[in-house]
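Participant: Sending over a structure as structure tokens; questions will come in a sec.
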Amino acid sequence: MTDAYLRATGVDRTFGDVTALADVSMEAPAGRVVALIGPNGSGKTTLLRILAGLLSPTAGEVNYEGPSATRPLGYLPQAPTFRPGFTASETMTFYARLVDDDPTELLDRVGLGNVPDRRVEALSGGMTRLLGIAQALAGDPPVLALDEPASGLDPGMSQRVFDIVQALADDGHAVVVTSHDLPLVERTADRVVILDRGKVVAADTPAALREQTGGPLHETFTSLVDADDSVAIRTEATE
């Protein structure tokens, strides 16, 4: 693995009496895609928000170890929203000016350069997600944290989103992504971290995880997580 840009060590997070994360450690290396997978409620989004600095851990720490940057980390929430009445170009110009970036280049990087004058409320769900990735890219942050970037999208758009994820890693970004789409994770991720009930139950390359069962990633996944939860994610992954 190359040098880590972001490192989490012994991270716990509780909400009252509920433990969302327990002793989670992981790193996001430069030029690599790290996928966080797990059943609903396993702690993926909580961990991603902690990595992004949007939520403080109850215990443990997260350290940014990447190069000096105006904006070290970019974050895409599960459901990005933008102010209606503005075009894609106007929206991206607002965010780009905050970090002295080029809005046209940002739109081009995610494949929206051909619809700069379309109002954000007229964008499809997939295009809205792409605009969210462009927003996360403003300032060219070394680390990108993307929460379910392909959730609810058709197969073609999902593949397009993951192609962009791969391209961002190829450009040298450290990308951490959550997803229920295990086939796309298997094809794209350099490392997979499997969470169940707030704990890391496995972390390795897709190839190494497949070797545990001799089948595709979802077979290893279902062998490691709670049986009831595994049914839920298998259903979501194949919808």
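The values are calculated or read from the model by the stated rules, or taken from the named source; none is laboratory data. Just so we're clear, the structure is a prediction, and the values are computed from it rather than from any experiment. Cβ atoms come from the backbone with ideal geometry, glycine included; neighbour counts cover every protein chain shown. These area figures cover heavy atoms from the full protein model, side chains too; ligands, DNA and RNA do not enter into them. Shrake-Rupley method; radii C 1.70, N 1.55, O 1.52, S 1.80 Å.
Participant: Which of rounded, prolate or oblate describes segment 66-108 when judged by the alpha-carbon gyration tensor and an a/c cut-off of 1.5?
Facilitator: Details: a/c = 2.41, a/b = 1.41, b/c = 1.71.
Cα axes put segment 66-108 in the oblate bin.
Participant: In addition: Given (i) 232; (ii) 120; (iii) 140, which label gives volume of the Cα convex hull per residue in Å³ as computed from the coordinates?
Facilitator: Checking each listed value against the structure points to (ii).
Participant: Just want to confirm a number: the relative contact order over the chain, from Cα pairs under 8 angstrom separated by 6+ residues, in percent. Provide the component values of the computation, followed by the final result.
Facilitator: On the way: 483 pairs, mean separation 63.1, N = 239.
Contact order relative to length: 26 percent.
Participant: What residue among Gly31, Thr93, Ala4 has its Cα farthest toward the positive end of the dipole of the chain, where the charges are +1 on Lys, Arg and -1 on Asp, Glu, each on the Cβ?
Facilitator: The listed residue farthest towards the positive side: Thr93.
Participant: Can you give the accessible area per residue of segment 80-135, in Å², using a 1.4 Å probe?
Facilitator: Numbers: 2950 Å² over 56 residues.
I get 53 Å² per residue for segment 80-135.
Participant: Roughly how far apart, in whole Å, are the Cα centres of segment 1-68 and segment 100-128?
Facilitator: Between the Cα centres of segment 1-68 and segment 100-128 lies a distance of 29 Å.
Participant: What does the charge dipole of the chain about its Cα centre add up to, to the nearest 20 debye, if the Cβ of each Lys and Arg holds +1 and the Cβ of each Asp and Glu holds -1?
Facilitator: Numbers: 19 positive and 34 negative charges, 65 e Å.
In total the dipole reaches around 300 debye.
Participant: Round to a whole number: what % of the accessible area of the chain belongs to carbon and sulfur, probe 1.4 Å? Provide the component values of the computation, followed by the final result.
Facilitator: Values: 4920 of 10790 Å².
Carbon-and-sulfur percentage of accessible area, whole number: 46.
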